[in-house]
1. Assign one of three labels to segment 54-99, namely rounded, prolate or oblate, based on the Cα gyration tensor with a ≥ b ≥ c the square roots of its eigenvalues; rounded applies when a/c is under 1.5, prolate when it is not and a/b is larger than b/c, and oblate otherwise.
2. Under 19 Å Cα to Cα from Lys20, which lysines show up? Leave out anything in the same chain fewer than 8 places away.
3. Apply the Karplus curve 6.51 cos²θ - 1.76 cosθ + 1.60, θ = phi - 60°, to the phi angles in segment 22-33 and return the couplings in whole Hz, x for Gly and Pro.
4. Taking neighbour counts of Cβ atoms within 10 Å as a proxy for exposure, in what order, fewest first, do Asp108, Asp97, Asp129 appear?
5. Residue-wise, which Karplus ³J(HN,Hα) couplings in Hz belong to segment 81-97, taking 6.51 cos²θ - 1.76 cosθ + 1.60, θ = phi - 60°, and x for glycine or proline?
6. Compute the distance in nm between two label points, each set 7 Å from the Cα along the Cα-to-Cβ direction, one at Phe56 and one at Leu100.
7. What spacing in nm lies between the two simple spin-label points modelled at Asn73 and Arg107, each 7 Å away from Cα in the Cβ direction?
Amino acid sequence: ENELGVQAPVGYFDPLGLSKDGDADVFKRRREAELKNGRVAMFACMGYIAAEWFRFPGFLSPSQNLKFEDVHNGLAAIGEVPFLGWAQWLVFCGLVDFGLYRADPSRDPGDYENGGILGVPNASGPMADAEGRKRKLNSELANG
């Protein structure tokens with residue numbers, strides 16, 4: 001009942017009973033995944049919205065004469081972006097996941113040593129206020 005995400009009026013929410021066995025390590029790993037995937041989803045939503053108004057200038061693929069502004073939004077872009085573009089994106093995601101967002105077993109889930117105010121590593125420095133960090137992590141769990 002003292003874990004992150006336990007908030008009024010619901011309290012501890014586990015409708016599928018995934019934590020009935022009481023394994024703290026498994027719970028911590030799942031909570032870490034919940035926070036990380038929630039952050040990815042929130043940034044993806046912002047990217048989906050931002051693409052309606054902003055496009056990078058220049059070429060996405062000079063060899064194919066493909067400009068950023070020529071690529072459609074959303075799922076339509078899947079077939080338009082060249083393979084190497086997707087490969088770069090996957091490498092970047094891997095670097096973020098296995099490098100900048102590496103979980104430290106001595107810290108709470110979602111509490112990255114170099115994570116800033118938005119959880120973006122090194123973006124705004126670590127969040128020093130422990131109560132503020134807990135409030136923001138609870139908000140992420142409730143709304144992310």
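Taken together, the values in this text are just the output of simple stated rules run on the coordinates, not laboratory data. Source: prediction; values computed, not measured. Methodologically, a virtual Cβ is constructed for each residue, glycine included, from the backbone with ideal geometry; neighbour enumeration extends over all protein chains shown.
1. Verdict is prolate for segment 54-99.
2. Excluding near neighbours in sequence, the set is Lys28.
3. These are the phi-based 3J(HN,Hα) values: x, 6, 5, 5, 5, 4, 5, 5, 5, 5, 4, 5 Hz.
4. Neighbour counts put them in this order, fewest first: Asp129, Asp97, Asp108.
5. Working through the residues one at a time gives 6, x, 3, 5, x, 5, 5, 4, 5, 5, 5, 4, 4, x, 5, 5, 5 Hz.
6. Going from the Phe56 label point to the Leu100 one covers 1.4 nm.
7. 3.4 nm
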